[in-house]
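This report concerns only the one structure given below.
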Amino acid sequence: MSEVPGGAGGRRRKHDAAPRPKDPYQTLRITRNLMAAGTSLLVVTILCIYRNEGFIAATPFAVAVTLIATLVVVFFVAFRTGLNTRFADPSLTMAQIASAVAVLAFVNFNLLGSRGAFLLVYIMAMLFAVFRLTTRQLLKIVLPVIGAHAIFYLSDAEHLRAIPAPMKVVEWAVLTIVLLWFARLGGYITEMRRKLRTLTTRDELTSAFNRRHLDDSLEREKARADRHGGALCMALMDLDWFKRVNDSYGHLAGDEVLKGFAAIVQDQIRASDLFGRFGGEEFMLILPHTSLVDVGPLMERIRSETGTHRWRVGRGDLVVTVSIGIDEYRRGEDTAALLRRADAALYRAKANGRDQVVFGVSGG
């Protein structure tokens, strides 16, 4: 059963005039972009040294510096305007590294001397891939570089003829070994980081997200809703009379109920929804791009599936119900306000007899 005070489909209150808070993830991306811009400045400094010593001609030097400056401006504008958030990877890691490596390959081809030392600059660019790109993604960058250098050394360019053939083979072999090693090591670090992140974001018992990750996710989805104007709902779910389960059947039975309930919810929700254990027998469900008008059937399915499920305890069956309070985000508010309204709705569900869904008052 559901209670919808004031009607879930009522008009939305106006909060568009409220100032938009900063997205901490976007702030971090901008900081990383500034670090990349600083690295680009170091590369330009290295190029100036090469030009001063006569290791690169005036025209390729000017082209390389122009390309680097253009890339710095393009990515800076993309991050400052929020254009980067429209891409699957808002950090634009692959795009930034691939473009930087392409410029470095151009420079390497046009160097008149000291080529081996400049190869180290590839590592400067690719270090930004560590912790983010997989081995396969890194290989998409590394293999073209290896192939480009093979073509360089086999080309008939005048400034490359003076390099002895054995030196070309050694340089190419060392570059190939180092870049392939870097791709594998970088991918391994990324894989380990993701595994550690999983361990630190999941509840050990239910494998659902933990409280910290839920808090971070709610802030992230709030920032996205503020930026793009999409709907966002959040539900709090509390298993009814759960203490009686632990007292009557033991904590192992209580653990099985918690794990079973988490599985029920995860079977019902979308891949984009965020579900986790908020504390004890209380759970949170974050529903991006969802309004109160749309969420009712899902909440009823979760309530019904929970109430009709039978947990085997000894020789008998255990029946558990759930109370749910849900409300919708009001653009510009803080997440604590949304949490308070959802918690108030959950309290009403408990006070009205439990085993029900109660909507908040955002639609009223």
Margin query: Taking a virtual spin label 7 Å from the Cα of Leu160 along the C-beta vector, which residues in the range 84-112 bring their backbone nitrogen under 19 Å of it?
Written below: 101-112
Next item on the list: Just add up the charged neighbours of Ala183: K/R +1, D/E -1, any other residue whose Cβ is under 10 Å from the Cβ of Ala183.
Entry: +3
Notebook entry, point to check: Hey, of [x] 0.95; [y] 0.97; [z] 1.16, which did the structure itself give for Rg/Rh (Cα atoms, Kirkwood Rh) when calculated?
Noted result: [z]
Notebook entry, point to check: Amide H neighbours of Arg202 under 5 Å, counting only residues 5+ apart in sequence or on other chains, H built in-plane at 1.01 Å?
Noted result: Asn210
Item checked: Length gained when the stretch Arg80-Val170 is fully extended (0.36 nm per residue, less Cα-Cα span) -> 28.1 nm
Next item on the list: May I ask for the angle, rounded to the nearest 10°, between helix 211-228 and the longest principal axis of the chain, with both axes built from Cα atoms and the value confined to 0 to 90°?
Entry: 70 degrees
Notebook entry, point to check: Between Ser248 and Ile177, what length comes free when the chain is fully extended (0.36 nm per residue of separation minus the Cα-Cα distance, one decimal in nm)?
Noted result: 19.2 nm
Margin query: I'd like the distance separating the alpha-carbon centroids of the range 135-198 and the range 79-134, in whole Å.
Written below: 13 Å
Item checked: 0 to 90° range, to nearest 10: angle between helix 335-351 axis and the chain longest Cα axis -> 30 degrees
Note to self: Could you list Met94, Met192 so that the one with the fewest beta carbons within 10 Å of its beta carbon is first and the one with the most is last?
What the structure shows: Met192, Met94
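Can you count the Lys pairs in the chain whose Cα atoms are under 17 Å apart, with each pair 8 or more apart or on different chains?
The number of close lysine pairs in the chain is 4.
Thr200 to Leu42: extension gain in nm, 0.36 nm per residue of separation minus the Cα-Cα distance? Write down the numbers at each step before the final one.
Working: separation 158, 0.36 × 158 = 56.88 nm, distance 3.61 nm.
Residue separation times 0.36 nm, minus the Cα-Cα distance, leaves 53.3 nm.
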Checklist line | ³J(HN,Hα), Karplus 6.51/-1.76/1.60, whole Hz, each residue of the range 125-135, x for Gly, Pro | finding: 6, 7, 4, 5, 7, 4, 5, 10, 9, 7, 4
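Can you bin the range 24-201 into rounded, prolate or oblate? Criterion: square roots of the alpha carbon gyration tensor eigenvalues sorted a ≥ b ≥ c, rounded for a/c under 1.5, prolate for a/b above b/c, oblate for the rest. If you can, show how the numbers build up before the last one.
On the way: a/c = 2.61, a/b = 1.46, b/c = 1.78.
It comes out oblate by the Cα gyration axes.
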Check: Could you give the nm distance between label points at Ala102 and Asp215, where each point is 7 Å from its Cα heading toward the beta carbon?
Finding: 4.3 nm
Checklist line | Crossing angle, helix 24-52 versus the chain [Cα axis fit, 0-90 degrees, rounded to tens] | finding: 0 degrees
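Once a ≥ b ≥ c are taken as the square roots of the eigenvalues of the Cα gyration tensor of the range 184-318, is the result rounded (a/c under 1.5), prolate (a/b larger than b/c) or oblate (a/b not larger than b/c)? Walk me through the numbers before you get to the answer.
Numbers: a/c = 2.41, a/b = 1.31, b/c = 1.84.
Oblate, because a/c is 1.5 or more while a/b does not exceed b/c.
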Check: Leu143: net charge of surrounding residues, Cβ under 13 Å, Lys/Arg +1, Asp/Glu -1, itself excluded?
Finding: +3
Check: Which stretch or stretches of the range 301-330 have amide N atoms under 17 Å from the point lying 7 Å from Asp267's Cα along the Cα→Cβ direction?
Finding: 301-313, 318-322
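Since every read-out is calculated from the coordinates, none of them should be taken as a lab result. Keep in mind that what you see is a predicted model, and the values were worked out from it rather than measured. Note that we place each Cβ from the backbone using ideal geometry, even for glycine, and neighbour counts take in every protein chain shown.
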